[in-house]
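Following: one structure in structure tokens, then a few remarks.
The values are calculated or read from the model by the stated rules, or taken from the named source; none is laboratory data. Here the structure is a predicted model, which is why all the values come from computation and not from measurement. Counting neighbours? That spans all protein chains shown, and the Cβs are built from the backbone with ideal geometry, glycine included. Please note that ligands, DNA and RNA were not included when accessible areas were found on the heavy atoms of the full protein model with its side chains. Shrake-Rupley method; radii C 1.70, N 1.55, O 1.52, S 1.80 Å.
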Amino acid sequence: MSEIKLAAETRTEFGKGAARRIRRESKVPAVVYGHGTEPVHIALPGHELQLALRTPNVLLTLDIEGKTELAIPKAVQRDAIKGFLEHVDLLLVKRGEKVTVEVFVQTEGELAPGSFLLEHVLNTLTVEAEATHIPESVTVSIAGLEAGASILAKDIPLPKGTTLAIDEDAVVLQVLSAQAEEPEGEAAGTEAAEA
């Protein structure tokens, strides 16, 4: 789990025009909320935030005009075409506090020999972990699995201090047999014979 420090500026202007001005200054408008406090509207340095958000569930240490706060990204809005950050919602957290987040499911190993396909029913797993020890991902072995095999949420090894926040019997991965397609000529000939 990486922790990244960012300097934040409070902002008093709101709306599209103010947000555009902030983005022109290479900053990103954001809102920090949580723990029953009033939401705080801030501007964050765009490039540093973009780099920080490459890490899933990154822990941000925000310096908001001399006051230090810990936060995790809750919602990130990006421009649909250019991909730049438009707005970020951040959730305040405290050291030792448990938070519910989604972590990516990664696989290792090879399926059994044959024509098998691995279907990712869930790409992420919802877990509860301490705010300062959120795993970036979880890894599960698929070595030797054949058609009909499935991996449930409870089968995925979790790091110490991390617990499932979804149904433990939820299917995360399943192995399917590849369907062989009939050559087009044979399929057309069969249909003609049936007519």
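Once the dipole of the chain is set up with Lys and Arg at +1 and Asp and Glu at -1 on Cβ about the Cα centre, which of HIS120, LEU152, ALA75 lies farthest towards its positive end?
Checked the options; the winner is ALA75.
Taking only protein heavy atoms into account and a 1.4 Å probe, give the accessible area per residue of segment 1-128 in Å².
With the other protein chains kept in place, segment 1-128 gives 59 Å² per residue.
Any idea what the dipole of the chain comes to, in debye rounded to 20, about its Cα centre with Lys/Arg Cβ at +1 and Asp/Glu Cβ at -1?
Working: 18 positive and 31 negative charges, 351 e Å.
Using only the charged Cβ atoms, the result is roughly 1680 debye.
Let me have the 222 nm mean residue ellipticity of the chain computed from DSSP H runs of 4+ only, each contributing -39500 (n - 2.57), with the sum over all residues rounded to the nearest 500. Mind dumping the intermediate values first?
Working: 3 runs with 27 residues, N = 195.
Theoretical 222 nm ellipticity from helices: -4000 deg cm²/dmol.
To the nearest 0.05, what FRET efficiency results for GLU38 and SER150 with a Förster distance of 45 Å applied to their C-beta separation?
0.45
Where in segment 62-80 does the label zone of THR10 land, with the point 7 angstrom along Cα→C-beta and an amide N cut-off under 15 Å?
Counting backbone N atoms under 15 Å from the label point, the list is 63-69.
I want to check the label-to-label distance for LYS98 and LYS160. Put each point 7 Å from Cα in the C-beta direction and report it in nm to one decimal.
Rounded to a tenth, the inter-label distance reads 1.8 nm.
Give me the percent of accessible area attributable to carbon and sulfur for segment 1-130, probe 1.4 angstrom.
Carbon and sulfur: 49 percent of the exposed surface of segment 1-130.
Which trypsin sites (Lys or Arg not before Pro) in segment 17-115 sit in a loop by DSSP (not H, G, I, E or B) and have at most 16 other Cβ atoms within 10 Å of their own Cβ?
Passing both the DSSP loop test and the Cβ count: ARG54, LYS82, LYS94, ARG95.
Suppose R0 equals 22 Å; then what is the FRET efficiency for LYS82 and ARG54 from their Cβ-Cβ distance, rounded to the nearest 0.05? All intermediate terms of the calculation are to be shown ahead of the outcome.
Details: r = 17 Å, r/R0 = 0.76.
After rounding to 0.05, the efficiency reads 0.85.
What are the ³J(HN,Hα) values, in whole Hz, obtained from phi via the Karplus relation 6.51 cos²θ - 1.76 cosθ + 1.60 with θ = phi - 60°, for each residue of segment 124-136 in sequence order, with x given for Gly and Pro?
10, 10, 7, 10, 10, 8, 5, 4, 8, 9, 7, x, 6
Calculate the radius of gyration of the Cα atoms of segment 63-188 to one decimal place, then report Dmax, the largest Cα-Cα distance, as a whole number, both in Å.
20.4, 75
Apply the Debye scattering formula to segment 13-86, with a single equal point scatterer on each alpha-carbon and no solvent, then give log10 I(q)/I(0) at q = 0.12, 0.22 Å⁻¹.
Computed log10 I(q)/I(0) values: -0.33, -1.16.
Between segment 74-146 and segment 15-44, what is the C-alpha centre distance in whole Å?
26 Å
Measure off 7 Å from each Cα along the Cα-to-Cβ vector at THR139 and ALA75, then give the distance between these two points in nanometres to one decimal.
Each label point lies 7 Å from its Cα, and together they span 3.5 nm.
Once the Cα atoms of helix 184-194 and of the chain are each reduced to a long axis, what angle between those two axes, in degrees from 0 to 90 to the nearest 10, is obtained?
Between helix and principal axis, roughly 60 degrees.
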